[in-house]
Amino acid sequence: MNNWVALLTPPLPGAVAVWAIRGPDSWNIIAPSLKALRGSELNMGFIPTHARLARWNIVTGSSGDEVLVVPRANQPVPWFEIHGHSGPELLRWQSHWFLTHGFRIATPESFCFWVEKDRLEGETVNCLSKALTRRGVNGIQSQSILCRSTLAQCSDWLEKGMWQQAMKSMNEMANGYRQTKAWTSGWKVVLCGPPNVGKSTLLNALLGTARSLVSSVPGTTRDAVHALTILDGWVVELIDMAGWRQSEDPLESAGIKLGKELTKSADLVLLLSDSAGKHLFIQETTDWANTLQIYTKCDLLKSHVSNTGTILHVSAHKEIGIEELGKRIVDNLTDNGNLRSGPAAFSFSLKESLLRAVQAAGSGKIDDASECVRQWLEPVPQPTEVEG
């Protein structure tokens, strides 16, 4: 049997369970256990054309669980979903029923890839499910089309020995992920500086809500505080770090060390100092290429300050410069708000494959480079089966 099933939802009690089912005999096996609650009966041979409410009886003598049968496709292979109740005991019964009726249980990720025509289409669906904004949805859809044609072109170049053109194009696609990652996982923007400089207050101002604890006591923030927000349609993960200073407190010292590690993987670091000069950020040996210098508490200054270059004066308390800071974050990470017109890798997996292809081509391993590219345009293998 080549009938597969995957649980697409987390196995949480009191929640909804969604089983995705696909295979040549899948509908004919399940149909006899389903009884329609209204309308015509659910017959073998053909999946209903629209969603139907039914009872799914998998335990002899029971009335069955009330479920929604959702059709996805009749051709070329039957594919549908069953939406019902969740819970550990119920899911164990359902899993046992599938296994005893010849189904193979797949991981949800591999099932989603498999039902699409190729890996690129599967990755597109996967990314669309993670997109949090309309900008993200539109961007992923348009980039999927651009990436498909460019991958085909790169594959053709590699086959013809035009590996330099292919390397240039693949590098440009991979570099584009710096922008497109903010459609799904978000940019990492770290706020760092000495204690009492106003990091937590600024974080709350950018979020528009109290997410981080604010106090005049140095060392209040001891761990990294992560919060997602949307800036002009882009997803941004703001990270409030412990204030950088010498501390004998082991927990605070651990928080400071964690902050220094997180800055290494940040897309942008906001270096915070006090506008009055009471709390200045002293950059140590670490050298970050992508930074913005922010001076806080500018409302306490008697004279007017001007913003130039990468320096910005703000007041989170008076909401001065907050909108401008949001704009500068976006401009910094999108080349002044403009998404590149050419193809850009819209997922981490695609970016990594392109970088591997570039490395292989640069080492003269053209066949390996071609394989890294072709795998995105070829039919996906069968799903990965869940062990146990």
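The values are calculated or read from the model by the stated rules, or taken from the named source; none is laboratory data. Not measured: the values here are computed from a predicted model. Glycine gets a Cβ as well: all are built from the backbone with ideal geometry, and neighbour counts include every protein chain shown. These accessible areas exclude ligands, DNA and RNA; they are computed on the full protein's heavy atoms, side chains included. Shrake-Rupley method; radii C 1.70, N 1.55, O 1.52, S 1.80 Å.
Can you name the residue in the stretch 367-388 that is open to solvent by less than 50 Å² (accessible area, probe 1.4 Å) and modelled with pLDDT of 95 or more and is also nearest to residue 135 (Cα to Cα) among such residues?
Within the stretch 367-388, the subset open to solvent by less than 50 Å² (accessible area, probe 1.4 Å) is 369-370, 372-373, 376, 380, 383.
Applying the additional criterion that residues be modelled with pLDDT of 95 or more yields 369-370, 372-373, 376.
Working: 369: 32, 370: 32, 372: 29, 373: 27, 376: 24 Å.
Selected residue: 376.
Answer yes if at least one residue in the stretch 86-96 is out of contact with any Pro (no Cβ under 8 Å at 6 or more places or on another chain), farther than 30 Å from residue 230 by Cα and among the charged types (D, E, K, R), and no otherwise.
Looking for residues that are out of contact with any Pro (no Cβ under 8 Å at 6 or more places or on another chain), farther than 30 Å from residue 230 by Cα and among the charged types (D, E, K, R), one finds at least one in the stretch 86-96, hence yes.
Show me the strands (runs of 3 or more DSSP E) entirely contained within the stretch 14-78 in which 2 or more residues are closer than 15 Å to residue 98 by Cβ.
By residue number, 16-22, 65-73.
Given the residues 145, 140, which is the only one that is in a helix (DSSP H, G or I), aliphatic (A, V, I, L, M) and surrounded by 20 or more Cβ atoms within 10 Å (Cβ to Cβ)?
Answer to the selection: 140.
Can you name every residue in the stretch 166-198 that is assigned to a helix (DSSP H, G or I) and over 28 Å from residue 128 (Cβ atoms)?
Within the stretch 166-198, 167, 168 qualify.
From (1) open to solvent by 30 Å² or more (accessible area, probe 1.4 Å); (2) touching a Leu at 6+ places or on another chain (Cβ under 9 Å); (3) not small (Gly, Ala, Ser), pick out the condition that doesn't hold for residue 157.
The failed condition is (2).
Only residues that are under 16 Å from residue 156 (Cβ atoms) and not in a helix (DSSP H, G or I): list them for the stretch 357-388, please.
The answer is 375, 376, 377, 378.
Looking at the structure I just gave you, is residue 82 more than 14 Å from residue 56 (Cβ to Cβ), touching a Phe, Trp or Tyr at 6+ places or on another chain (Cβ under 9 Å) and not in a helix (DSSP H, G or I)?
no
For (1) over 23 Å from residue 233 (Cβ atoms); (2) modelled with pLDDT of 90 or more; (3) among the aromatic types (Phe, Trp, Tyr), each residue gets a yes or a no:
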position: 103; (1), (2), (3): yes, yes, yes
position: 113; (1), (2), (3): yes, no, yes
position: 130; (1), (2), (3): no, no, no
position: 180; (1), (2), (3): no, yes, no
position: 189; (1), (2), (3): no, yes, no
position: 195; (1), (2), (3): yes, no, no
position: 198; (1), (2), (3): yes, no, no
position: 204; (1), (2), (3): no, no, no
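Please go through (1) at positive phi; (2) buried (at least 17 other Cβ atoms within 10 Å of the Cβ) for residue 45 and return the number of the only condition it doesn't satisfy.
Answer for residue 45: the failing condition is (2).
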